[in-house]
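K.L.:
Okay, handing you the structure first.
The values are calculated or read from the model by the stated rules, or taken from the named source; none is laboratory data. Computed from a prediction, not measured in an experiment: that's the story for all the values here. FYI the Cβ positions are ideal-geometry reconstructions off the backbone, even for glycines, and counts take in every protein chain you see. Accessible surface areas use protein heavy atoms only, side chains included; no ligands, DNA or RNA. Shrake-Rupley method; radii C 1.70, N 1.55, O 1.52, S 1.80 Å.
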2 protein chains.
Amino acid sequence: MKFDTSIPSNILFDLLNGISPDFPTSKRFLSNMKGMFSDEKAYEEMLKKENPLMYEFHEMNVPEDAGDLAFGMSAAYPGKVGDEYFMTKGHFHTVLETAEVYLCLKGRGLMLMENPEGDWAYEELTPGRMVYVPQRYAHRSINVGTEPFLQFFCFRGDAGHDYGTIETKGYRKLVVEKNGTYAIIDNPKWKQE
Amino acid sequence: MKFDTSIPSNILFDLLNGISPDFPTSKRFLSNMKGMFSDEKAYEEMLKKENPLMYEFHEMNVPEDAGDLAFGMSAAYPGKVGDEYFMTKGHFHTVLETAEVYLCLKGRGLMLMENPEGDWAYEELTPGRMVYVPQRYAHRSINVGTEPFLQFFCFRGDAGHDYGTIETKGYRKLVVEKNGTYAIIDNPKWKQE
């Protein structure tokens, strides 16, 4: 399905659950996240028992045009694999010099960011907080709360997604539960090239 | 004040009134809207008695860089000048081939759009509805409800605002109250070049 950006139109999002009745979401289940979590044993054991929906988001398939905008909602669900919170795969933009904004509408989460130069950062989001993901930063949403973490996002139409770099190298940092709250720790498996 | 897009950061918006405690808004009062409303007599009479805040919005002054994004909240307040609903001035983007998205978070309003080719359209917005303003379309927000009409907006950092064309030519259409609801009528003062 493609959203037509050539004519004025509107689309409805449910501000409570993020899902649009007008447009389907892309869904990522636990089974789609092989290799993404640090504790592989916990991952395999969980997958034997259940295959929960970890997150879903809109892919509007707008034209790859620098004058258009891609947008949608992202809903990341609560849970953990071992000590590590449920999260999105995360991605760089293929056109690396393009930013993205995420406005949190519900829940509590983190945006974890890092760039190829080795700078990294995270921002905590609760309803009304918007994170600015600068140019060149990979970004991953992490649900550190107990309800769905809902964000509206917007980026340049031609920015594209590069998932492969993250799938291969991982992130420098992990977000785990420690003493009842979240902690940012080094990723022991992170591969420096 | 400038929002720094070069480093990861977040900003808080109040989802109930749109105003950020972190960043000031630009404000447009009735006195800033001379010549924008059809009924000039009603405008002058109203201005003698009061000078209400008609709308306010964030100007983040992000870099004029095609890889950055401008964003913020727009709050348009309810009221009428004669039969015509309170509205924003409206603008084209200076870089005409750039789109904009507006996500309604509160209230009830219209987005009135027209392009230089003579196409025009409007979309009605209530909470959760997002309008896609295509490339080349001027756009104006109109509050047709009774409470503040609140929208989150996002567009390309270098798009820029061209207010002059609208101030000189006006819009092809007006939005007025008729029999207790809104009606779209031709603008008798619209200047065809």
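K.L.:
When a/c is below 1.5 the answer is rounded, else prolate if a/b is larger than b/c, else oblate, so apply that to the range B:122-170 with a ≥ b ≥ c taken from the square roots of the Cα gyration tensor eigenvalues.
P.N.:
Verdict is oblate for the range B:122-170.
K.L.:
With charges set only on the Cβ (+1 for Lys and Arg, -1 for Asp and Glu), what does the dipole of the range B:47-178 come to about its Cα centre, in debye to the nearest 20?
P.N.:
580
K.L.:
Ok, one more. Using alpha carbons only, how many angstrom separate the centre of the range A:129-155 from the centre of the range A:32-81?
P.N.:
The two parts, judged by their Cα centres, are 12 Å apart.
K.L.:
Looking only at other chains, what is the average number of their beta-carbon atoms within 10 angstrom of each beta-carbon in A:123-133?
P.N.:
6
K.L.:
Sticking with this one: In nm, to one decimal, how far is the B:LYS34 label point from the B:TYR77 one, both placed 7 Å along Cα→Cβ?
P.N.:
According to this spin-label approximation, the distance is 2.0 nm.
K.L.:
Residues of A:2-10, mean number of Cβ from any other protein chain within 10 Å of their own Cβ, rounded to a whole number?
P.N.:
6
K.L.:
To the nearest hundred square angstrom, how large is the accessible surface buried between A and B, total for both chains, probe 1.4 angstrom?
P.N.:
3400
K.L.:
To the nearest 20 Debye, how big is the dipole of the range A:1-113 about its Cα centre, given +1 on the beta carbon of each Lys and Arg and -1 on that of each Asp and Glu?
P.N.:
For this selection, approximately 440 debye.
K.L.:
Just want the answer: with Cβ charges of +1 for Lys and Arg and -1 for Asp and Glu, which residue in B:ASN32, B:LEU112, B:LEU47 is farthest toward the dipole's positive end in chain B?
P.N.:
The residue sitting most towards the positive pole is B:LEU47.
K.L.:
With the other protein chains left in place, how much accessible area per residue, in square angstrom, belongs to chain A at a 1.4 angstrom probe?
P.N.:
Accessible area per residue, chain A: 42 Å².
K.L.:
Magnitude of the Cβ-charge dipole of the protein assembly as shown, K/R +1 and D/E -1, about the Cα centre, nearest 20 debye?
P.N.:
With Lys and Arg at +1 and Asp and Glu at -1, about 700 debye.
K.L.:
Please say if the range B:54-193 is rounded, prolate or oblate, where rounded means a/c under 1.5 for a ≥ b ≥ c the square roots of the C-alpha gyration tensor eigenvalues, and otherwise the choice is prolate for a/b larger than b/c and oblate otherwise?
P.N.:
Verdict is oblate for the range B:54-193.
K.L.:
Let me know the mean shielding of A:36-45 by other chains, meaning the per-residue number of their Cβ atoms within 10 Å of its Cβ.
P.N.:
Rounded to a whole number, the mean comes out at 0.
K.L.:
While we're on this one: Of the listed peptides B:22-29, B:180-187, what is their order by residue-averaged count of other C-beta atoms within 10 Å, with the highest listed first?
P.N.:
Packing order, densest peptide first, comes out as B:22-29, B:180-187.
K.L.:
For the protein assembly as shown, what % of the accessible area comes from carbon and sulfur atoms, probe 1.4 Å?
P.N.:
49
K.L.:
Work out which residues of the range B:148-173 lose at minimum 40 square angstrom of accessible surface when the other protein chains are put back, relative to the chain isolated, with a 1.4 angstrom probe, and list them by number.
P.N.:
B:PHE152, B:ARG156
K.L.:
For B:ASN187 and B:SER26, what is the calculated FRET efficiency with R₀ set at 30 Å and r taken between the beta-carbons, to the nearest 0.05?
P.N.:
Step by step, r from the Cβ atoms, then E = 0.75.
K.L.:
Quick one: helix B:40-49 against the long Cα principal axis of chain B, what's the angle to the nearest 10°, folded into 0 to 90?
P.N.:
Tilt relative to chain B: about 70 degrees.
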